[in-house]
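For reference, the structure is listed below as structure tokens.
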Amino acid sequence: EALTLAPMRCSQFLEVGERKTKFGRRFEEGIEKLVVWYRKMLIVGLRHRKKVLLAAVLIFGASLFTFPFLRKEFVPAQDQSMFLSRIKTPIGSSLELTSERMRQIEAIVMKRPEVRRYFCAIGGFGGGEVNTGMMFVTLQPKNKRRLSQEELMDYFREEFNKVPDVQAVMQDLSTRGFAAQRGYPIEFTVRGPNWEKLVEYSEKIREEMTKSNLFRDVDTDYLAGMPEVKVFPNRENAFARGVSIRT
């Protein structure tokens, strides 16, 4: 503003010592009237200092009573015509099952005229999470749809979770840069020295949050029941054939 826009504007209607254009002269007259009015008000204020200070304190005190009735948010969500959905199938599900469930979710998305385009990825960005997927949905501009982004997210949340074996979580991308690590408005980190107790308490917290109507899209990083394969090499046979354990 100060280095680019203001000099550009001033070059069009300002010369040293005077205004060029009719708009510039009218603007200057307005500023001069404002200065005169401010000087008069300042004189009145200085003559009644106690009353001015008392009025300021009363106005400040009255404003505190309105605070509980105001909606407060550090970074309000915006309708950016896009959102992200994270999809999970049961732990241990195959990539084929996750892909099939994602096709069912795609069919739900394609039915809505508010959707402009979408993109799906299965297996996570690393490719190793076979029971997960994500979908980026871009909506039509706000002036071309009846429902807001939040209303559509609520609709898709309900419809996606109706698909068998699917847990869907919605994420508003407009608050992601100002939110916690994973980009959700509220995140808890549960820590402790005992792994069994840690799992027990984190599950209790998740259950209580799920019961409350204050939360939605409750999820956890802890994955219970993940299939595991343990390999125990036959060291004698490996040694007899000259095969090292590292190989």
Worksheet item: Are there any pairs with C-beta distances below 9 angstrom linking a residue in the range 110-136 that is within 13 Å of Met82 (Cα to Cα) and modelled with pLDDT of 90 or more to a residue that is assigned to a loop (DSSP other than H, G, I, E, B) and of a type outside the set (Gly, Ala, Ser), with the two at least 6 apart or on different chains, and if so which?
Response: Glu114/Gln140; Glu114/Arg145; Glu114/Arg146; Glu114/Leu147; Val115/Gln140; Arg116/Gln140; Arg116/Pro141
Worksheet item: When the range 155-189 is examined, which residues are found to be at pLDDT 80 or above, open to solvent by 60 Å² or more (accessible area, probe 1.4 Å) and on the phi < 0 side of the Ramachandran plot?
Response: Tyr155, Glu158, Asn161, Lys162, Pro164, Gln167, Ile186, Glu187, Phe188, Thr189
Practice prompt. Kindly establish whether Leu42 is surrounded by 10 or more Cβ atoms within 10 Å (Cβ to Cβ), out of contact with any helix residue (DSSP H, G or I) (no Cβ under 6 Å at 6 or more places or on another chain) and modelled with pLDDT of 90 or more.
Written response: yes
Worksheet item: Can you spot a residue in the range 226-247 that is under 23 Å from Phe156 (Cα atoms) and either polar (S, T, N, Q) or without any contact (Cβ under 8 Å) to a residue 12 or more places away in the chain (or both)?
Response: no
Worksheet entry | Cβ pairs under 6 Å, 6+ apart, first in the range 170-190 and farther than 15 Å from Asp221 by Cβ, second of a type in the set (Val, Ile, Thr) and modelled with pLDDT under 80 | Thr175/Val75; Phe178/Val75
Fill in: Tabulated pairs, the range 79-90, first closer than 11 Å to Phe160 by Cα and open to solvent by 20 Å² or more (accessible area, probe 1.4 Å), second at pLDDT below 90 and assigned to a loop (DSSP other than H, G, I, E, B), C-beta under 7 angstrom, 6+ apart or interchain
Lys88/Asn131
Practice prompt. Filter the range 202-247 down to residues that are aliphatic (A, V, I, L, M), surrounded by 10 or more Cβ atoms within 10 Å (Cβ to Cβ) and modelled with pLDDT of 85 or more, then give me how many there are.
Written response: 5
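The values are calculated or read from the model by the stated rules, or taken from the named source; none is laboratory data. Computed from a prediction, not measured in an experiment: that's the story for all the values here. So basically every Cβ, Gly included, is an ideal-geometry build from the backbone, and we count neighbours across all protein chains shown. Ligands, DNA and RNA are excluded from the accessible area calculation, which covers all protein heavy atoms including side chains. Shrake-Rupley method; radii C 1.70, N 1.55, O 1.52, S 1.80 Å.
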